[in-house]
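S.K.: Okay, handing you the structure first.
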Amino acid sequence: MKYEFGFIGVGNMGGALAEAVCRVLPKGSVAVCDTDEKKTAAFLKNYGAAVLTLEEIAANCRFLVFGVKPQVLPAVMENVRPHLAEKTVAVSMAAGISVAAVEAGLGKRPVIRIMPNTPCAVGSGLILYVPNDLVAKEDLAAFLKGFAGAGTLTQIAEEKIDAASAVSGCGPAFVYLFVEALADAGVECGLARADAQKFAALMLQGSAKMVLESGRHPGELKDAVCSPGGTTIAGVRALEESGFRSASMNAVRAAYLRTLELKK
């Protein structure tokens with residue numbers, strides 16, 4: 001294959017993943033295709049990525065990453081199918097589109113379904129992935145190497161991917177709301193807006209690292225911050241009175257149920 005990775009669609013998520021791959025692999029390893037010529041021109045200028053037509057990118061890439069919206073994917077697959085190289089691995093990030101649906105659209109071939117999240121744009125994302133049985137070990141290793149610059153990659157059973165995505169894919173929006181609310185409260189208490197936002201974001205970054213690296217239960221870590229009769233436990237009580245945990249659980253469940261609705 002002339003190119004290791006080809007990206008059809010380099011919008012917000014497709015573009016973030018393409019940039020991550022460009023940062024990891026040697027120049028000349030990536031090709032892009034998009035109706036927006038400004039986006040493809042930026043990849044050519046910044047990373048030396050090749051700009052190809054739909055037919056060209058389908059025929060010349062080891063991995064073909066579909067970064068288009070779910071409602072557009074069937075038509076794109078129909079257009080590229082006649083031009084696909086036999087051993088090309090199809091990588092789909094379309095929400096609600098199963099591995100079986102991609103196989104039906106492109107013919108029986110190696111397929112990897114992924115569900116990335118927006119922090120991939122800064123190299124701290126989570127990419128859930130599901131390979132079909134036709135993905136060779138060496139192809140899977142190459143895929144993992146190429147996407148390593150986007151963050152953490154975790155294999156998951158396909159029947160669990162919608163539930164996991166409701167946490168990891170939708171979760172950043174919930175966290176951004178929390179950061180905004182904490183910053184607003186800091187401003188109310190007298191902090192400058194920029195400082196309040198920075199302090200809130202750094203606090204969340206450090207707290208997440210504590211959960212991941214300590215291996216301790218979040219409840220245990222919470223208890224360690226709450227001194228008897230202190231300020232933190234007063235804040236925890238205020239959150240509980242407002243239904244913080246229940247609201248968080250409802251948000252994930254609502255996202256999951258909406259995903260199931262859209263799949264129909």
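S.K.: Would it be correct to say that residue 121 is assigned to a helix (DSSP H, G or I), at pLDDT 95 or above and not assigned by TED's automatic domain parsing to the domain that holds residue 201?
M.R.: So residue 121 fails the test.
S.K.: May I pose another question? Select, from 99, 51, the only residue that is under 19 Å from the mean Cα position of the chain (by Cα) and among the hydrophobic types (A, V, I, L, M, F, W, C).
M.R.: 99 is the lone residue from the list that is under 19 Å from the mean Cα position of the chain (by Cα) and among the hydrophobic types (A, V, I, L, M, F, W, C).
S.K.: Just give me the residues in segment 54-67 being in contact (Cβ under 8 Å) with a residue 40 or more places away in the chain and either more than 19 Å from the chain's Cα centre (by Cα) or surrounded by fewer than 23 Cβ atoms within 10 Å (Cβ to Cβ) (or both), in sequence order.
M.R.: Selection gives 54, 57, 58, 60, 61, 62.
S.K.: Sticking with this one: Could you tell me whether any residue of segment 222-234 is loosely packed, with under 11 Cβ neighbours inside 10 Å, modelled with pLDDT of 95 or more, under 29 Å from the mean Cα position of the chain (by Cα) and assigned to a helix (DSSP H, G or I)?
M.R.: no
S.K.: Go through (1) touching a helix residue (DSSP H, G or I) at 6+ places or on another chain (Cβ under 7 Å); (2) surrounded by 15 or more Cβ atoms within 10 Å (Cβ to Cβ) one by one and return the number of the condition residue 218 breaks.
M.R.: Here residue 218 meets the rest and fails (2).
S.K.: Moving on to the next point. Quick one: which residue in 201, 247, 164 is modelled with pLDDT of 95 or more, assigned to a helix (DSSP H, G or I), within 25 Å of residue 115 (Cα to Cα) and in contact with a strand residue (DSSP E or B) (Cβ under 9 Å, 6 or more places away or on another chain)?
M.R.: 164
S.K.: For segment 88-105, name all the residues that are free of Cβ contacts under 8 Å to residues at least 40 places away in the same chain, surrounded by 22 or more Cβ atoms within 10 Å (Cβ to Cβ) and outside any loop (DSSP other than H, G, I, E, B).
M.R.: 90, 92, 102, listed by residue number.
S.K.: Please find, among 78, 103, the residue that is among the acidic types (Asp, Glu), closer than 26 Å to residue 263 by Cβ and in contact with a Gly (Cβ under 9 Å, 6 or more places away or on another chain).
M.R.: Testing whether each residue is among the acidic types (Asp, Glu), closer than 26 Å to residue 263 by Cβ and in contact with a Gly (Cβ under 9 Å, 6 or more places away or on another chain) leaves just 78.
S.K.: Taking the conditions exactly as written (of a type in the set (Gly, Ala, Ser) and either touching a residue at least 60 places away in the same chain (Cβ under 8 Å) or farther than 14 Å from residue 146 by Cβ (or both)), does residue 28 satisfy them or not?
M.R.: In short, no.
S.K.: So, in segment 36-53, of the ones that are touching a helix residue (DSSP H, G or I) at 6+ places or on another chain (Cβ under 6 Å) and outside any strand (DSSP E or B), which residue ends up surrounded by the most Cβ atoms within 10 Å (Cβ to Cβ)?
M.R.: Taking the candidates together, the pick is 49.
The values are calculated or read from the model by the stated rules, or taken from the named source; none is laboratory data. Quick caveat: nothing in here was measured; it's all calculated off a predicted structure. All Cβ positions, glycine included, derive from the backbone under ideal geometry; neighbour counts span all protein chains shown.
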